[in-house]
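The values are calculated or read from the model by the stated rules, or taken from the named source; none is laboratory data. Model, not experiment: these values are computed from the prediction. Counting neighbours? That spans all protein chains shown, and the Cβs are built from the backbone with ideal geometry, glycine included.
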Amino acid sequence: MFGKKSAVGLDIGSSSCKVVELEVSKKAAVLLNYGITYLLPDAIVDGEIMDREVVIETIKGLFESKGITKRDVITSLPSKGVIVKRITVGKMKESEAKLQIRWEAEQHIPFDISDVNLDFEIVNPDVGEDQMEVILVAAKKDVVNSYVGLIREAELNPVVVDVAAFSVQNAFEVNYDTAPEELIALVDVGVEKTSINFVMNSASYFSRDIPAAAAMCLQRLQKDLGLSFEKAVDALKGRPGEEVDESKLMGIFRDFADELCAGIERTLPYLPPKMERMDRLYLSGGGANIRDLPQLINQRLGVPVEIMNPLTRIRYDPAIFEEEDPQIIGPILAQAIGLGLRGG
C-alpha cells in the first residue's frame with residue numbers, strides 16, 4: 001500500500017447524496033466503492049439545508065449501507081454561498097499575495113469581508129506589464145459552518161471543502177486531454193440547477209449556475225403527457241413506454257435543450273474577448289443522461305458534445321456496479337469523483 005491513499009468524496013446535492021471511495025496514487029486511481037441515495041423532497045432547497053436531521057441520517061445511512069468506514073471526507077459547498085472571481089493584480093510572490101488578497105477581495109466581493117473565508121490560486125504568473133492572474137474564492141462563513149457542522153454531526157471529518165465546479169473540472173482533467181488554448185465548457189446538469197464552467201489550459205475562466213435543469217424536464221413530462229413521476233423518469237432516460245406520444249416527447253426534450261443552450265449562450269459574453277467560441281462541451285450530472293441531449297445541444301450550438309465519463313482513466317472492478325451501467329452512473333458521480341481525487 002506504500003504510496004497509495006484512500007480518499008472519500010462526498011457530494012451533497014439537492015435531491016441526492018453521492019459518495020465514492022478511491023485509492024489514489026501518483027500512477028493511478030482505483031474506484032473501490034460508491035453509493036447514491038436520494039433525499040426527501042425539500043430537505044435541501046437551493047443549497048440551503050431545510051431539514052438537517054433528514055440529511056444527517058441520509059448520509060449516515062449511505063455510509064453504513066456501503067460499508068465505508070473511513071471518516072475523513074472531501075466535500076463541496078453549494079454554489080449559492082460561494083463567489084469565484086478571476087482578477088488581475090500586480091505581480092508578487094505567493095507569500096506576499098496572501099497579505100494583499102484581502103484588500104483585493106474587498107474590491108471584488110459583494111459581501112462584508114469579515115463574513116467570508118477567502119482563498120486564492122495564481123493561475124497565470126505573467127500576463128504582461130508586471131501583472132498576474134489570480135482566481136479568488138470567497139465562501140460565506142455561515143454556509144461553510146452549516147455544511148461543515150452537518151458533516152461532523154454525521155460523524156464524519158471534512159478534511160477539504162472544495163468548490164463544486166472545480167471538483168467536476170478536477171474529474172475532467174484526470175480523464176481527458178485537451179489541446180493548448182482549447183476552450184472547454186463543462187456543463188453539470190443537476191435536478192435544480194445546471195452549473196457551467198469554462199476551462200482553458202487547466203484554468204477556470206468563468207463559472208455560473210443557470211436554472212435550466214432536470215426538474216424542469218420532469219415537470220413538463222408530467223404536466224404535458226400526464227405521466228407519473230416514475231414514468232417521467234423512465235421517459236427521461238429513454239424508456240417512455242408504448243403509450244407515450246413520441247413527437248410530443250421529443251418536443252419536450254428539444255425545448256429543454258434550447259433552454260439549456262440559451263443559458264450557455266448568455267454566459268459567453270462574460271468570457272475574455274479572445275475566447276470567441278467553445279471548442280468542445282462535456283455534460284455531467286444526472287441530467288446528462290436525458291435522452292438525445294448531446295445531439296440536441298450539438299444541433300443548436302454547433303460544437304462537439306460528449307457525455308463526460310469520469311471513469312475513463314480510473315480503474316474499477318465491474319462487480320461494484322452490480323446491475324448498473326457504469327456509462328450511466330459515471331456522469332452522476334463526476335463531482336464526487338473529482339472530490340475524491342483531491343485526496344491523492
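Which numbered condition in (1) hydrophobic (A, V, I, L, M, F, W, C); (2) in a helix (DSSP H, G or I); (3) touching a residue at least 24 places away in the same chain (Cβ under 8 Å) is the only one that L268 fails?
Just one mismatch for L268, condition (3).
Could you say whether any residue in segment 99-119 is out of contact with any Cys (no Cβ under 7 Å at 6 or more places or on another chain) and touching a residue at least 60 places away in the same chain (Cβ under 8 Å)?
As a first pass, look at segment 99-119 and keep what is out of contact with any Cys (no Cβ under 7 Å at 6 or more places or on another chain): 99-119.
Those left that are additionally touching a residue at least 60 places away in the same chain (Cβ under 8 Å): none.
Taking every residue of segment 99-119 in turn, none turns out to be out of contact with any Cys (no Cβ under 7 Å at 6 or more places or on another chain) and touching a residue at least 60 places away in the same chain (Cβ under 8 Å).
What pairs can you find where one residue is in segment 218-231 and loosely packed, with under 14 Cβ neighbours inside 10 Å, the other is not aliphatic (A, V, I, L, M), and their Cβ atoms are less than 8 Å apart, with a gap of 6+ or different chains?
As it stands, the answer is S228/Q222; F229/Q222, since those pairs meet every condition given.
If a residue has to be under 18 Å from the mean Cα position of the chain (by Cα) and either assigned to a loop (DSSP other than H, G, I, E, B) or on the phi > 0 side of the Ramachandran plot (or both) to count, how many in segment 184-205 make the cut?
Let us first name the residues in segment 184-205 that are under 18 Å from the mean Cα position of the chain (by Cα), namely 184-200, 202-205.
Okay, now just the ones that are also either assigned to a loop (DSSP other than H, G, I, E, B) or on the phi > 0 side of the Ramachandran plot (or both), so 190-193, 202.
Number satisfying all stated conditions: 5.
If you go through segment 290-322, how many residues are without any contact (Cβ under 8 Å) to a residue 24 or more places away in the chain, of a type in the set (D, E) and either at negative phi or in a helix (DSSP H, G or I) (or both)?
1
Condition check: farther than 21 Å from Q335 by Cβ and either surrounded by fewer than 15 Cβ atoms within 10 Å (Cβ to Cβ) or polar (S, T, N, Q) (or both). Does V116 satisfy that?
Working: farther than 21 Å from Q335 by Cβ: yes; either surrounded by fewer than 15 Cβ atoms within 10 Å (Cβ to Cβ) or polar (S, T, N, Q) (or both): no.
No; evaluated as a whole, the condition is false for this residue.
Would you pick out the residues in segment 40-69 that are farther than 20 Å from D142 by Cα, touching a Phe, Trp or Tyr at 6+ places or on another chain (Cβ under 9 Å) and touching a residue at least 12 places away in the same chain (Cβ under 8 Å)?
Answer for segment 40-69, where residues must be farther than 20 Å from D142 by Cα, touching a Phe, Trp or Tyr at 6+ places or on another chain (Cβ under 9 Å) and touching a residue at least 12 places away in the same chain (Cβ under 8 Å): T58, K66.
Which of the residues that make up segment 148-175 are aromatic (F, W, Y) and modelled with pLDDT of 95 or more?
F172
List, please: which pairs have Cβ atoms under 6 Å, are six or more places apart or on different chains, and start with a residue in segment 180-203 that is assigned by TED's automatic domain parsing to the domain that holds N289 and end with one that is of a type in the set (K, R)?
Going by the 6 Å Cβ cut-off, the qualifying pairs are I184/R280; I196/R208.
So if I check each of I101, I36, I109, which one is surrounded by 17 or more Cβ atoms within 10 Å (Cβ to Cβ), hydrophobic (A, V, I, L, M, F, W, C) and under 29 Å from S6 (Cβ atoms)?
Details: I101 fails: under 29 Å from S6 (Cβ atoms); I109 fails: under 29 Å from S6 (Cβ atoms).
I36 is the lone residue from the list that is surrounded by 17 or more Cβ atoms within 10 Å (Cβ to Cβ), hydrophobic (A, V, I, L, M, F, W, C) and under 29 Å from S6 (Cβ atoms).
Of the residues G47, G81, G67, which single one is at pLDDT below 90, at positive phi and not hydroxyl-bearing (S, T, Y)?
When all the criteria are applied, what remains is G47.
Name the one entry in G251, G287 that is small (G, A, S), surrounded by fewer than 22 Cβ atoms within 10 Å (Cβ to Cβ) and either within 17 Å of the chain's Cα centre (by Cα) or assigned to a helix (DSSP H, G or I) (or both). Steps first, answer last, please.
Details: G287 fails: surrounded by fewer than 22 Cβ atoms within 10 Å (Cβ to Cβ).
One residue alone meets the criteria, G251.
Criterion first (surrounded by fewer than 19 Cβ atoms within 10 Å (Cβ to Cβ) and at pLDDT 95 or above) does D188 satisfy it?
Working: surrounded by fewer than 19 Cβ atoms within 10 Å (Cβ to Cβ): no; at pLDDT 95 or above: yes.
Criteria not met by D188.
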